[in-house]
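What follows is a set of notes on a single structure, which appears directly below.
Each reported figure results from applying straightforward, stated rules to the coordinates on display, with no laboratory input. On a predicted model such as this, the values are computed, not experimentally measured, just so you know. All Cβ positions, even for glycine, are placed from backbone atoms using ideal geometry, and neighbour counts span all protein chains on display.
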Amino acid sequence: MNEQEIYQKIGELLWSIMPNEAIEIYFIGDIYPEHYSGGAEWRLKNGNIDSFPFGERAYEIEENICGLIKELRSLELFIEKWTNYKITLTEEGKFNIEFAYIPEEDHWPTLYMRRVSDLKEEELDQYYIPIEEWKKRLGLRTE
């Protein structure tokens, strides 16, 4: 598949799991040589973010989207291989995808699209990051 076909298929899959009360759905994840993850959440009309209840995620669809993400990342047009992504689909059908280049040594499982070393100390609890890990990543940062 080419880039546009992959985007189309991802959009169709997200649309199939988008709740009626959602104004937009997100699929956020990461992809590294030894592991990958991704999952859906959505914004409600009242502005709140919601997700599937524990045990009720659309696992097969989410796994299909992760597979398409791997295929997308392998395309030659991506010379530098991104590691984090966020896909947005609105209730009007508008599709957007963002990529971030987060080195694995500055990544944390609950944090997407930002480096651990980008956080302020008061943000650590929100992502369940121990202060020692944050300090270690600050010390590793070269840019």
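Quick notes on this structure:
- Once the chain from Arg141 to Glu104 is taken as fully extended at 0.36 nm per residue, the excess over their C-alpha distance is 12.1 nm.
- Cα centre as origin, Lys/Arg/Asp/Glu Cβ charges: the chain dipole, Debye: 200 debye
- Sum of side-chain charges, Lys70 neighbourhood, beta-carbon under 14 Å (Lys, Arg +1; Asp, Glu -1): -3
- Taking the charge dipole of the chain about its Cα centre, with +1 at Lys and Arg Cβ atoms and -1 at Asp and Glu Cβ atoms, the residue from Trp82, Trp15, Phe27 reaching farthest to the positive side is Trp82.
- Kirkwood-Stokes translational diffusion coefficient of region 104-143, alpha-carbon pairs, 10 °C, 1.306 mPa s, µm²/s: 159 µm²/s
- Helical mean residue ellipticity (222 nm; -39500 (n - 2.57) per DSSP H run of 4+; nearest 500) of the chain: -9000 deg cm²/dmol
- Translational diffusion of the chain was estimated from the Stokes-Einstein equation, with Rh taken as the Kirkwood radius over Cα pairs; at 25 °C and 0.890 mPa s the coefficient is 150 µm²/s.
- Projected-area mean, region 16-94, by convex hull of Cα positions, square nanometres: 6.1 nm²
- Cα-based reach from Lys135 at 24 Å (exclusive), listing lysines while leaving out same-chain residues under 8 positions away: Lys120
- Aspartates and glutamates whose Cα lies under 15 Å from that of Lys45, excluding same-chain neighbours fewer than 8 positions away: Glu21, Glu24, Glu91, Glu92
- Once exposed loop chymotrypsin sites (Phe, Trp or Tyr not before Pro) are cut out (DSSP; at most 14 other Cβ, 10 Å), longest piece of the chain: 1-53
- Listed by chain and number, the aspartates and glutamates whose C-alpha is less than 18 Å from the C-alpha of Lys81, apart from same-chain residues fewer than 8 away, are Glu3, Asp30, Glu34, Glu71, Glu98, Glu104, Glu105, Asp106.
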